[in-house]
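Colleague: Below is one structure. I have some questions about it.
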Amino acid sequence: MVDEFLKLAGAARIYDLGQPYFVGMPHFPTHPPFLFSLNKKHGDLVLANEGSSAAETLTLGGHVGTHIDALCHFSCAGKMFGGVRPSQTYGGGVEQLSVDTIAPMLRRGVLLDAAAHQKADTLPVDFTVTPDHLDRIAHAQGVEIRPGDIVLLRTGWATFWNDQKQYITGGSGAQAAGPGPELPGAKWLSSRKVFAVGADTIAFERVPSRNMDVHIHLLVESGIHIIEALNLEDLARDHVYEFAFVAVPMKIRGGTGSPLRPLALAAQPRP
């Protein structure tokens, strides 16, 4: 059984959907940046056999880089998903629905390539992905959204990852801005009872958004996780629209989010 599973996994094409971490990388303005420094360099401490090692210190927010939102990330009228009132402290985080309660994910994944459907490399900064767009993309790609799926939306903005100003603000420098669905698009996704949604943008939903309606609808009203800052370019290049999605959040007790290293496993094309 194990050998058979490993044989199938070994025959798959593996796509890395995570973005790299580096000092100066994009981050949402209300979240702390990624900071990195070596606290020990090779040669600082040398063993008797001339061996040496290096080590680093990392500082980052739970919503920086490719990451997943726990259901406790948002509340509305003082309640989180399921009507739960948060028990929270600065030192202990949010006790209920925290990121350490998300089980490892091995689920069917679906890519909806909104940029390609618009015949664009990248969607415009103010582009809204509507239910009609989602219907047409799914039909054109020949994919069906099923309960429990993880649906990933490509806007093409992953190509801006090395340009913080462009990725976060669309080049304006004024405020966070980028394409994505608004509330009708979010309801299209939630009506299909998906487990999680994700995108290659900093906020998944179209921003600026006055009330973050998409986050509230998905996380608070529907219990659907949100994954942000994905790299979906390789999947799009190879026209891979269905795959096995594999990812594991860090077990951060009380955390509202966690860095994520997602993988897509897809069948090899027939010769």
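The values are calculated or read from the model by the stated rules, or taken from the named source; none is laboratory data. Remember, predicted model here, so these are calculated numbers, not experimental data. Cβ: placed from backbone, ideal geometry, glycine included. Neighbour counts: every protein chain shown. The area values use the complete protein model at the heavy-atom level, side chains included, leaving out ligands, DNA and RNA. Shrake-Rupley method; radii C 1.70, N 1.55, O 1.52, S 1.80 Å.
Colleague: Please report, in whole Å³, the volume per residue of the convex hull around the C-alpha atoms of region 1-138.
Modeller: Cα-based convex hull of region 1-138, divided per residue, equals 289 Å³.
Colleague: Please state the charge dipole magnitude for the chain, taken about the Cα centre, from unit charges on C-beta atoms (+1 on K and R, -1 on D and E), reported in debye and rounded to the nearest 20.
Modeller: I would put it at about 380 debye.
Colleague: Right, next: With just the Cα atoms defining each centre, how far is region 219-271 from region 33-89? Give it in Å.
Modeller: Between the Cα centres of region 219-271 and region 33-89 lies a distance of 19 Å.
Colleague: Please list, in chain and number order, the residues 5+ apart from Arg108 or on another chain whose amide H is under 5 Å from its amide H, with Hs placed from the backbone.
Modeller: Ile150, Phe245
Colleague: Moving to a separate point now. Using Cα springs under 10 Å in a Gaussian network model of the chain, which residue among Thr256, Thr159, Thr59 shows the largest mean-square fluctuation?
Modeller: Thr59
Colleague: Let me ask another. Taking the convex hull of the alpha carbon atoms in region 1-55, what volume per residue do you get, in Å³?
Modeller: It comes to 201 Å³ per residue, whole-number rounded.
Colleague: In a GNM of the chain with a 10 Å cut-off on Cα contacts, which of Ala55, Ala244, Ala115 has the highest mean-square fluctuation?
Modeller: Of Ala55, Ala244, Ala115, the Gaussian network model singles out Ala55 as fluctuating most.
Colleague: For region 145-193, just the Cα atoms, rotate onto the principal axes and tell me the three extents in Å, largest first.
Modeller: That gives 38, 20, 11 Å along the principal axes, largest extent first.
Colleague: Let me ask you something else. With contacts defined as alpha carbon pairs under 8 Å and 6 or more residues apart, what's the relative contact order of the chain in percent?
Modeller: Relative contact order here is 29 percent.
Colleague: Over the chain, with a Gaussian network built from C-alpha contacts below 10 Å, which listed residue (Lys193, Lys41, Lys119) shows the highest mean-square fluctuation?
Modeller: Among Lys193, Lys41, Lys119, the largest GNM mean-square fluctuation belongs to Lys41.
Colleague: So how long is each side of region 112-204 along the principal axes, counting just the alpha-carbon atoms, biggest first, in Å?
Modeller: 38, 24, 21
Colleague: Which Cα, out of Ser98, Ala54, Ala116, lies furthest along the positive dipole direction of the chain (beta carbon charges, K/R +1, D/E -1)?
Modeller: Result: Ser98, furthest along the dipole toward the positive end.
Colleague: From largest accessible area down, sort Arg146, Arg253, Arg261, Arg13; use a 1.4 Å probe on the protein chains.
Modeller: Greatest to least solvent exposure: Arg253, Arg261, Arg146, Arg13.
Colleague: Could you give the size of the charge dipole of region 226-271 about its Cα centre, using +1 on the Cβ of each K and R and -1 on the Cβ of each D and E, expressed in debye and rounded to the nearest 20?
Modeller: For region 226-271, the charge dipole is close to 280 debye.
Colleague: May I pose another question? Over the chain, give the accessible area per residue in Å² for a 1.4 Å probe, as an integer.
Modeller: On a per-residue basis, the chain sits at 52 Å².
Colleague: Determine the calculated [θ] at 222 nm for the chain from helices alone, applying -39500 (n - 2.57) to every DSSP H run no shorter than 4 residues and normalising by the residue count; nearest 500 deg cm²/dmol.
Modeller: About -4000 deg cm²/dmol.
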